[in-house]
Amino acid sequence: MESKDPSPPEDPGKEILEDRLKKRISGEIVLSDNPGKTIKKWRNIFEIPQRRLADEMDVMPSVISDYELGRRESPGIKMIEKIVTGLVKVDEERGGEVIKKFSDFRSGDMVSDTILDIKEFSRGVKIEDFVKSCNADLVANKDMQKDEIYGYSIIDSLKAIVELSPTELVRLYGLTTERALIFTKVRSGRSPMVAIKVTNLKPGLVVLHGNLSEVDKLAKRVAEAEKVPMAISKSDDIEDIRKNLQEDFG
């Protein structure tokens, strides 16, 4: 009797990647001053509703809610492991999009040359506070200044627009679209906003830095239509912005 071929082994590279991502998330939660907000941040990155995560963990949705709102004591190591495993498992069932994004971001190519700096926050940062740190003024969707973002990417706009395809532009978002995209070397703001519209992904905030006193009318219309807050930085040097961000949110 012929023996059946064994099932193909799991991709070891995929397992390593998942393990790294789990360790990163777990580490952020453990070291966070507000573990609940950090859990919520990563749940939002994975775009998983509280109820779906609770089902995966076999707990009541109120457990997730209580942790995120600080109504329960900080979760222990076992609970953190359960939460993180649940996030990754649900993502796997959906096709592993977040895991793939993490993998793509870590790979080195021209995207890396386009990103001057990138950071994920362990907690939400209000748009108004982030804009202030960039020495910028909101010029579109000012009513959204109380919304929160969870990271930022500083982007060489000339390289991004000229060299990157729409698929590669998506990778500028890091692990979440709920972040600020800071475009340097901007002349009018039209190209960055058109590029954003092409990707079909909306960042939490756009900051324009360069030689411009006012933003292009089309760029502003795109921002308003897409509900993307947009600001113009008054800083002369992008390094000043980077330094301020590191001091304020590092």
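The table below gives the values:
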{"item": "Count of lysine pairs in the stretch 130-200 with Cα separation under 19 Å (8 or more residues apart, or interchain)", "result": "4"}
{"item": "Proximal aspartates and glutamates relative to residue 217, as straight alpha-carbon distance under 15 Å, when same-chain residues fewer than 8 apart are discounted", "result": "226"}
{"item": "Cα shape, the stretch 172-245, gyration tensor, a/c 1.5 rule", "result": "oblate"}
{"item": "Value of Rg to Rh for the stretch 12-101 (Rh from inverse mean 1/r over Cα pairs, i.e. Kirkwood)", "result": "0.94"}
{"item": "The chain: relative contact order as a whole-number percent, Cα under 8 Å and 6+ apart", "result": "17"}
{"item": "Distance between modelled label sites at residue 51 and residue 81, nm, 7 Å Cα→Cβ extension", "result": "3.0"}
{"item": "Where only alpha carbons of the chain are counted, the Rg and the Dmax (Å)", "result": "19.9, 80"}
{"item": "Shape metrics for the stretch 108-249, restricted to C-alpha atoms - Rg then Dmax, Å", "result": "13.3, 38"}
{"item": "Choice from 218, 31, 169 showing the highest fluctuation, given a GNM over the chain with Cα pairs closer than 10 Å", "result": "31"}
{"item": "Exposure proxy order (Cβ contacts within 10 Å, fewest to most) of 98, 30", "result": "30, 98"}
{"item": "About the Cα centre, charge dipole magnitude for the stretch 12-101 (Lys/Arg +1, Asp/Glu -1 at Cβ), debye", "result": "200"}
{"item": "Which of 38, 177, 85 has the fewest Cβ neighbours within 10 Å, and the rest in rising order", "result": "85, 177, 38"}
{"item": "Stretchable slack from residue 132 to residue 217, in nm (0.36 nm times residue separation minus alpha-carbon distance)", "result": "28.3 nm"}
{"item": "Contour excess over end-to-end distance, with Cα ends at residue 185 and residue 60 and 0.36 nm allotted per residue", "result": "40.1 nm"}
{"item": "Residues residue 15 and residue 73, FRET efficiency given R0 of 30 Å [Cβ-Cβ distance, rounded to 0.05]", "result": "0.40"}
{"item": "Part-to-part distance (alpha-carbon centres) for the stretch 33-97 and the stretch 178-225, which is given in Å", "result": "33"}
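Each reported figure results from applying straightforward, stated rules to the coordinates on display, with no laboratory input. As the structure is a computational prediction, the values presented were derived from the model and not from experiment. Ideal geometry is used to build each Cβ from the backbone, glycine not excepted, and the neighbour counts take in all protein chains shown.
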